[in-house]
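What follows is a short report on a single structure.
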Amino acid sequence: MEIDNNLVENAVRPLAVGRKAFLFAGSHQAAEMTATMYSFMASCKRNKVNEFDWLKDVFERIQSHKQKDLYQLLPSNWEPACR
């Protein structure tokens, strides 16, 4: 067993630091959107996907995707568009 838990503390620090900021999101809807973006970014990190590249690609492609195929743009299923 490790004596310290620095890995765990580092993993939860962004949530702990942002907790007070979330109180001032502006509205309930804004707070929900912020939580959604945090979830997407955490999913990108978990799947070893560059967050900026994923977000840029999704914004460029989402309008042309059919609703039934949107799951392909999730970080766990995402493959960059061939350019």
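The values are calculated or read from the model by the stated rules, or taken from the named source; none is laboratory data. Only a predicted model underlies this, so the values are computations on that prediction, with no experimental measurement involved. A quick note on method: Cβ atoms are made from the backbone with ideal geometry, for glycine too, and the neighbour counts reach across all protein chains shown.
Please enumerate the residues belonging to segment 14-56 that are touching a Ser or Thr at 6+ places or on another chain (Cβ under 9 Å), of a type outside the set (A, V, I, L, M) and more than 30 Å from residue 81 (Cβ to Cβ).
Within segment 14-56, 18, 22 meet the criteria.
List pairs: first in segment 43-65 and in a helix (DSSP H, G or I), second among the basic types (Lys, Arg), Cβ under 8 Å, 6+ apart or cross-chain?
As it stands, the answer is 51/45, since those pairs meet every condition given.
Only one of 30, 25 is outside any helix (DSSP H, G or I) and without any contact (Cβ under 8 Å) to a residue 24 or more places away in the chain; which? It would help to see each step written out before you state the result.
Numbers: 30 fails: outside any helix (DSSP H, G or I).
Residue meeting the stated conditions: 25.
Residues 13, 19: which one is surrounded by 10 or more Cβ atoms within 10 Å (Cβ to Cβ) and either outside any helix (DSSP H, G or I) or out of contact with any helix residue (DSSP H, G or I) (no Cβ under 9 Å at 6 or more places or on another chain) (or both)?
Values: 19 fails: surrounded by 10 or more Cβ atoms within 10 Å (Cβ to Cβ).
Going through 13, 19 in turn, just one is surrounded by 10 or more Cβ atoms within 10 Å (Cβ to Cβ) and either outside any helix (DSSP H, G or I) or out of contact with any helix residue (DSSP H, G or I) (no Cβ under 9 Å at 6 or more places or on another chain) (or both): 13.
So is residue 68 basic (Lys, Arg), part of a helix (DSSP H, G or I), over 14 Å from the mean Cα position of the chain (by Cα) and modelled with pLDDT of 85 or more or not?
On the way: basic (Lys, Arg): yes; part of a helix (DSSP H, G or I): yes; over 14 Å from the mean Cα position of the chain (by Cα): yes; modelled with pLDDT of 85 or more: yes.
Yes.
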